[in-house]
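One structure is given here, and the rest of the page talks about it.
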Amino acid sequence: MTTIERAEVLITSPGRNFVTLRITTSDGVTGLGDATLNGRELAVASYLEDHIVPLLIGRDPARIEDMWQYLYRGAYWRRGPVTMTAIAAVDTALWDIKGKVAGLPVYQLLGGRSRDGVLVYTHASGSDTEALLDDVARAQDLGYQAIRAQAAVPGIAGTYGVKKNGRYEPANSSLPEEQPWSTEDYLRFAPTYLRAVRERFGFDFHLLHDVHHRLTPIEAARFGKEVEDVRLFWMEDPTPAESQDAFRLIREHTTTPVAVGEALTSIWDVQHLITAQLIDYVRTTVVHAGGITHLRRIFDLAALYQVRSGSHGASDLSPVCQAAAIHLDTAIPNFGIQEHMGYPEQVSEVFRTGVTYADGHLHVSDAPGLGVEYDDEAAARFPYSPKYLPVARRLDGSVHDW
Ligand code: EZ4
Ligand code: CO
């Protein structure tokens, strides 16, 4: 029997930190899984190295579902981002191996193509409304048909989502940066720049906006209602999702579509959101929600309730996760949209991927497995350096949701 012979946890920082799990079988086939949890990289590396890798050696790499059950159900301590990211890494690597053994790209193993390409949205932002408008024009020139718009709230240094020197990278300091937040200023300003985008560019493209957990349910309801004329594709993470029922209040007040889930890690975290039809798009993704196996299960549940996928795709999800996500997006019936933020240049020196962009869509190659290769020599040139996400404080100094 073919067995898992080796599993290595690889850490590199080509412009930003990534953790990768590489599993090698007794037949010499390798599979890759993304294990990156932004700002908590070493916690996942330890969970894998100290608690998962010893369990893998000698097992059958073909038993993907059983491995998932063994690592999730077989453990007393369940769920949470560290655990689910580690399980995701194993699951993704095993799908990669299965594809290579079969000589098929992963989307074929998932049932084959449901669409020609994967609609993606890119990010546009600005230090003020004019700069945002310039950035939306740039995104349109690149062919994007869906664009997320964020602008710096006047007087609020470090507003979420605004690029510095052409890139947005929130995990930016060796200890968490503390950033101010004013809900009042945001609620006054954000509708004005979203309206300015529609006034300048019209309605012939999808416009998205990320609230990034900053509002209470009633504030989010007011915001959604106020921007209905802007016809957002979605408002993202309007309020923290620890209480799934909080979304009912938003729902009762506005027809602005709601997306949530980038920080959620299991089907249980989205069960009520989906089954009570409190959201329109579920943003869970491969690396943080238990891998291809579990994400497929979430999307299948979502399909029953006309909820579509809208997976997180920020630069802190590695090209291995991106490739896995595009394979899944290609295959599922209820795909909605995929986030595509792009990577620092050096990332392509370490990860060679078959994912390509054309006309607002991403495509996977027909290479067997996920179609991603990891260059150890290049990786060694970029040592890990600790980076934290910021912390938000209201103007009175108290902690707010970042
Ligand atoms: O803040 O991935 O929609 N994208 C986002 C991201 C998240 C980061 C956190 O690690 O909200 O920018
Ligand atoms: Co987001």
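The values are calculated or read from the model by the stated rules, or taken from the named source; none is laboratory data. Predicted model, so just to flag it, every value in this text is computed and none were measured. Cβ placement follows ideal geometry from the backbone for every residue including glycine, while neighbour counts extend to all protein chains displayed. When the accessible area is computed, the model is the full protein with side chains, heavy atoms only, and any ligands, DNA or RNA have been set aside. Shrake-Rupley method; radii C 1.70, N 1.55, O 1.52, S 1.80 Å.
Surface exposure of the chain, expressed per residue as accessible area with a 1.4 Å probe, stands at 40 Å².
Oblate is the label for the stretch 4-105, because the ratio a/c of its alpha-carbon gyration tensor axes (a ≥ b ≥ c) is 1.5 or higher and a/b is not greater than b/c. Amide H to amide H distances under 5 Å link Val391 with Glu177, Glu178, Gln179, where only residues 5 or more positions off or on other chains count and H is placed in the peptide plane.
In percent, rounded to a whole number, the relative contact order of the chain is 23, using alpha-carbon pairs under 8 Å and six or more apart.
Proximity of backbone amide H atoms, modeled 1.01 Å from N, is registered between His123 and Arg148 at under 5 Å, excluding neighbours fewer than 5 places apart on the same chain. Only beta bridges with both residues in the stretch 135-263 are counted; by DSSP, about 10 percent of them are antiparallel. Solvent-free Debye calculation, one equal scatterer per alpha-carbon of the stretch 22-81: log10 I(q)/I(0) at 0.19, 0.20, 0.29 Å⁻¹ equals -0.84, -0.92, -1.44. Over the stretch 267-402, the Kirkwood radius and the radius of gyration, each from Cα atoms, give a ratio Rg/Rh of 1.03. Pair-distance distribution P(r) for the stretch 160-304, from all Cα-Cα distances in 5 Å bins starting at 0: 2, 9, 17, 19, 19, 16, 12, 6, 1 percent.
Each peptide among 8-20, 171-183 gets the average number of other Cβ atoms lying within 10 Å of its residues, and from highest to lowest they stand as 8-20, 171-183. A Cβ-based charge dipole, computed about the Cα centre of the chain with Lys and Arg at +1 and Asp and Glu at -1, lands at about 520 debye.
Here the accessible area of the stretch 288-402 is 51 percent carbon and sulfur, with a 1.4 angstrom probe and all protein chains present.
Kirkwood-type hydrodynamic radius, the chain: 21.4 Å, calculated from all non-identical alpha-carbon pairs. Relative contact order of the stretch 246-402: what whole-number percent is it, with Cα pairs under 8 angstrom and at least 6 residues apart? Dividing the mean separation by the residue count of the stretch 246-402 yields 15 percent.
With just the Cα atoms defining each centre, how far is the stretch 132-176 from the stretch 324-402? Give it in Å. The two parts, judged by their Cα centres, are 17 Å apart.
Of the peptides 318-331, 232-245, the order by per-residue mean of other Cβ atoms within 10 Å, starting with the highest, comes out as 318-331, 232-245. The order of the peptides 196-205, 88-97 by mean Cβ neighbours within 10 Å, most packed first, is 88-97, 196-205. The local environment of Tyr47, defined by Cβ-Cβ distances under 12 Å, has a net charge of -2 under the rule Lys, Arg +1 and Asp, Glu -1. A cut-off of 5 Å between modelled amide H atoms, ignoring neighbours fewer than 5 places along the same chain, links Ala35 with Val19, Thr20, Leu21. Excluding same-chain neighbours fewer than eight residues apart, no lysines are reachable from Lys98 by a Cα-Cα span under 21 Å.
Annotation: lysines with alpha-carbon distance below 26 angstrom to Lys387 (same-chain offsets under eight excluded): Lys163, Lys164.
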